[in-house]
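Q: The structure follows.
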Amino acid sequence: DAGVIQSPRHEVTEMGQEVTLRCKPISGHNSLFWYRQTMMRGLELLIYFNNNVPIDDSGMPEDRFSAKMPNASFSTLKIQPSEPRDSAVYFCASSLYWNTEAFFGQGTRLTVV
Amino acid sequence: KNEVEQSPQNLTAQEGEFITINCSYSVGISALHWLQQHPGGGIVSLFMLSSGKKKHGRLIATINIQEKHSSLHITASHPRDSAVYICAALTNTGNQFYFGTGTSLTVIP
């Protein structure tokens, strides 16, 4: 398996634009996690899914953020409209179950100017 | 007060030294996760443990549930161990995840 695949690796966008980050989890994994990492706040869990169903989205900062998992092999994290303070590295991770070892993608570095 | 506290924040060691990174947590957990983040930014899962000890190569992770404390040990440290090490607590209620702020390790040749 190629591991967790995220795209794009880098994204630069203007304030106010819609941004969509994509994640393909490891095949067979039942849980998928979206994280955000900044210098100020470190690593934060935004949302996670079990069997494609969102379980805990309490980490989603605002209504501008939304995440979907239409099937077991694909998830998106959308920011609309984007703001400069959204600039961060966004990681996707998947695991067999929510409380088992997670495998991380390479991350998407988002810069909102 | 953070639910997960790591110490030290920064650590510099000479190659070959034995290294210990500590993680204390204040919540009830179902498991504790140790992550390694390389200078390039990639994150690798090292251990997930809920009791006792796990060993992988030169890395050893221990957890004491009663004391709410976990340690990550690196034996015979090497410059390639230089990274940020993060512990994350998975709570046993509410499915919450709490992260430590990380320990930045630099191993000097």
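Values in this text are rule-based calculations from the coordinates and carry no lab data. Given the structure is predicted, the values throughout are model-derived calculations rather than measurements. When we count neighbours, we look across all protein chains shown, and the Cβ atoms used for this are built from the backbone with ideal geometry, even at glycine.
Q: Please list, in order along region A:93-105, the HN-Hα scalar couplings obtained from phi with the Karplus expression 6.51 cos²θ - 1.76 cosθ + 1.60 (θ = phi - 60°), rounded to whole Hz, x for Gly and Pro.
A: Working through the residues one at a time gives 9, 9, 8, 4, 10, 5, 10, 10, 3, 9, 10, 9, x Hz.
Q: What is region B:36-109 by shape, rounded, prolate or oblate, if you read a ≥ b ≥ c off the alpha carbon gyration tensor as root eigenvalues and call it rounded for a/c under 1.5, prolate for a/b larger than b/c, and oblate otherwise? Before the final figure, lay out the partial values.
A: Working: a/c = 2.40, a/b = 1.50, b/c = 1.60.
Verdict is oblate for region B:36-109.
Q: Across every pair of different alpha-carbon atoms, what Kirkwood hydrodynamic radius in Å does the protein assembly as shown reach? Numbers along the way, then the final one.
A: Numbers: mean 1/r = 0.0557 Å⁻¹.
The Cα-based Kirkwood calculation yields 17.9 Å.
Q: What percent do you get for the relative contact order of chain A when only Cα pairs under 8 Å and 6+ apart count? If you can, show how the numbers build up before the last one.
A: Working: 294 pairs, mean separation 42.2, N = 113.
It rounds to 37 percent for chain A.
Q: Out of the chymotrypsin sites (Phe, Trp or Tyr not before Pro) in region A:61-104, which ones are loop residues according to DSSP with at most 16 other C-beta atoms within 10 Å?
A: Numbers: sites: A:65, A:74, A:90, A:91, A:97, A:98, A:103, A:104; in loops: A:97, A:98.
Of the chymotrypsin sites (Phe, Trp or Tyr not before Pro), the ones in loops of region A:61-104 whose Cβ has at most 16 other Cβ atoms within 10 Å are A:97.
Q: Could you derive backbone 3J(HN,Hα) for region B:56-65 from the dihedral phi with the Karplus parameters 6.51, -1.76 and 1.60 (θ = phi - 60°), listing whole Hz in sequence and x where the residue is Gly or Pro?
A: Going residue by residue, I get 9, x, 8, 9, 9, 10, 10, 9, 10, 5 Hz, with x marking Gly and Pro.
Q: With the radius of gyration and the Kirkwood radius both derived from the Cα set of chain A, what is their ratio Rg to Rh? Please report the intermediate quantities before stating the final value.
A: On the way: Rg = 13.1 Å, Rh = 13.8 Å.
Rg/Rh: 0.95.
Q: List the trypsin sites (Lys or Arg not before Pro) within region B:1-100 that fall in a DSSP loop (any state other than H, G, I, E or B) and whose Cβ has at most 11 other Cβ atoms within 10 Å. Spell out each step's value before the answer.
A: Values: sites: B:1, B:53, B:54, B:55, B:58, B:68, B:80; in loops: B:1, B:58, B:68.
The qualifying sites are B:1.
Q: Counting only residues 5 or more places away or on other chains, whose amide H sits under 5 Å from the amide H of residue A:5 once H atoms are built in the peptide plane?
A: For residue A:5, the qualifying residues are A:24.
Q: In whole Hz, what ³J(HN,Hα) sequence does region B:31-46 give by Karplus (6.51, -1.76, 1.60; θ = phi - 60°), x for Gly and Pro?
A: 6, 10, 10, 10, 10, 10, 10, 6, x, x, x, x, 10, 10, 7, 9
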